[in-house]
Amino acid sequence: MNLLRNILLITTVAVTGCATSPARNPADPLEPFNRKVYQFNETVDKALVKPVAQGYNKIMPDIGKTMLSNFFSNLDDVVVTANDVLQFKFAQAMSDSMRVVVNSTIGIGGLIDIASRNLDKHNEDFGLTLGHWGVKSGPYLVVPILGPSTLRDSVGDLGDTEFSPIARTKKIRTRNQLYITKAVRRRAELLDQESVMEGAIIDRYAFIRDAYLQRRLNRVYDGNPPQDSDEEDSTPPGTPATP
């Protein structure tokens, strides 16, 4: 699964380098290509991923969903801590590393999120680390299967595999099961949001793109992007609020 993820990211970056379609949006110069990938992802989602996620919601009790969410959140905190250090956010790194220690021990392998009672949850990844040090987002990309991204975030996803406990799991079958379970859980969490969005959005592709770009911009600047940011200027007027 990790190898497939890397191949998909590298292939997308390589293909987009050859795209010559005229730009429709400053932030999305590859829109014709991206829309085709988006439609492919939608087809796969409707035929396979969404039905599996709906089945997961039906058979999994709420406590099971919570424990799985906590478990994967705890694994993600390892990646978050590494990126805290790379961004020189040492106080935050200490807090996030303590989250991992507390939840991995007292929290029974992360199944119970005890640390959140006293330690805030943060979200950092290597794409944000690159942005923190001035690397621009680059063109918006829709990656096969994986969905919305940018050139910078695609490279960041590859970088995060160096810190990810799942990616470092040596047993291939176990690693793939973890990836699949994590993907199904995340898709299931989006089902309720999706039902609301379907009734309100005319161009779903554009909404997802603009919301993704705005959300990533806000996260790079910890919620306070400068008004004169080049990346902010690339986001067209009328961009919806971050969901």
| message | Return the residues of the stretch 82-94 that are of a type outside the set (G, A, S) and touching a residue at least 60 places away in the same chain (Cβ under 8 Å); say none if nothing qualifies. | response | N83
| field | Residue count for the stretch 21-42, restricted to those that are open to solvent by 90 Å² or more (accessible area, probe 1.4 Å), modelled with pLDDT of 95 or more and over 20 Å from the mean Cα position of the chain (by Cα) | value | 1
| request: Give the residue, chosen from V85, V78, V49, that is under 30 Å from D210 (Cβ atoms) and part of a helix (DSSP H, G or I). | output: V49
| task | State whether the residues of the stretch 67-74 include one that is open to solvent by 30 Å² or more (accessible area, probe 1.4 Å) and free of Cβ contacts under 8 Å to residues at least 40 places away in the same chain. | result | no
| task | Consider only pairs whose beta carbons are under 7 Å apart and that are at least six residues apart or on different chains; among these, list those whose first residue lies in the stretch 130-154 and is closer than 12 Å to R216 by Cβ and whose second residue is among the acidic types (D, E). | result | K136/D230; K136/E231; S137/E231; Y140/D28
| request: Determine if the stretch 99-122 includes at least one residue that is touching a residue at least 12 places away in the same chain (Cβ under 8 Å), assigned to a loop (DSSP other than H, G, I, E, B), surrounded by 15 or more Cβ atoms within 10 Å (Cβ to Cβ) and among the hydroxyl-bearing types (S, T, Y). | output: no
| query | Among A188, A206, A211, which is the only one that is surrounded by 14 or more Cβ atoms within 10 Å (Cβ to Cβ), more than 23 Å from N74 (Cβ to Cβ) and out of contact with any Ser or Thr (no Cβ under 7 Å at 6 or more places or on another chain)? | reply | A206
| field | G134, sole failed condition from (1) in a loop (DSSP other than H, G, I, E, B); (2) crowded, with 17+ Cβ neighbours inside 10 Å; (3) of a type in the set (G, A, S) | value | (2)
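The values are calculated or read from the model by the stated rules, or taken from the named source; none is laboratory data. Predicted, not measured: the structure shown is a model, and the values here were computed from it. Every residue, glycine as well, gets a Cβ built from its backbone with ideal geometry; the counts of neighbours run over all protein chains shown. Heavy atoms of the whole protein, side chains included, go into the accessibility calculation; ligands, DNA and RNA do not. Shrake-Rupley method; radii C 1.70, N 1.55, O 1.52, S 1.80 Å.
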